Structure formats: structure tokens, C-alpha cells
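Every read-out reported here was derived from the displayed coordinates using simple, explicitly stated rules and does not represent laboratory data. Everything numeric in this text was worked out from a predicted model, so none of it was measured. Note: ideal-geometry Cβ built from the backbone for every residue, glycine included; neighbour counts use all protein chains shown.
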Amino acid sequence: MVKVKLQSEGVKGSENGDTVNYATVVREVKAYLKKGVAAKELQSHIAAFPVSAQEKMNALLEGLFDGVEKAFGKEATKRKNHLAAAVAGDDEGSQLLLLNAVEEFCYKKGSNALNEVARLLTVIVLSLLIFFTVVSFYFD
């Protein structure tokens, strides 16, 4: 497993560094969001973690919507800058990663949140994604 020294104040690293896994990335994302870090700065912090791109996107979504049980659409609108930074540029792959992260998020939230997650998807699809990406995700 890859070792990295964690930079946030909330998680102390040893001299050899701490092992970074998905749970660590989620904690770090939440810590940065709590500090009020700007969207582009948060993306540069997330990019430094030695986990897969999909795990980074999943951690971002989990961090952004931690504790949100209702009004996902409203929260997504508030946090659209962070989501837009995650899919910035012409990288179609990052848009697919975001859709996969939403799918994983749905599994974790369970059937109680499906109507709310539909509102989250509405905000994401209408404002951030290219139509071709949505069609490609559907057929995959």
C-alpha cells in the first residue's frame, strides 16, 4: 500500500506517513470543506491522494453531502462550484466518474433517499454534464 504524509491539521501523520485509504480521503475532504476551502484548492488537495480517480470522486461526493438527508437538489445547487471543479475541462472521463459516484452514493443512502438523489441528479445533469456523457453512462 502507498504511504503519504497527511497535510490536514485534523489527521496527524507519523514520521513514516500514514496509510491512505478511502476512509482517510473522505475524512480529509470533510476537514477541508469544514475549513471552507475553495473548490479549485480542494481539487488540488484531492488530486494529491494516492487512490483511484473513482475513489477521489466518491470521497468528494460523500464529503459534500455528509449529513444531508433531505433537499439534495438544494444542497447540490449550493455546492455546484465544487462539483463543477471536479468535472472541469473537457475531460469526459471525470463526468463519468461523477455519475458513477452518484450511483455509489445511491447504494449507500438506500431506498429512502432515492427521490432526493433524483433531485441531485437533475442539478448535475442539467448544469454540469454533456448529454453524450449521460448516454454513454446509461449504456455502460
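Were the residues from residue 52 through residue 35 laid out at 0.36 nm apart, the gain over their Cα-Cα distance would be 3.7 nm.
Of the peptides 117-124, 44-51, 32-39, the order by per-residue mean of other Cβ atoms within 10 Å, starting with the highest, comes out as 117-124, 44-51, 32-39.
Given the pairs 78/109; 30/80; 40/70; 40/109; 35/109, which span a C-alpha to C-alpha distance of over 22 angstrom in this model? Violating the 22 Å Cα-Cα cut-off are 40/70; 40/109; 35/109.
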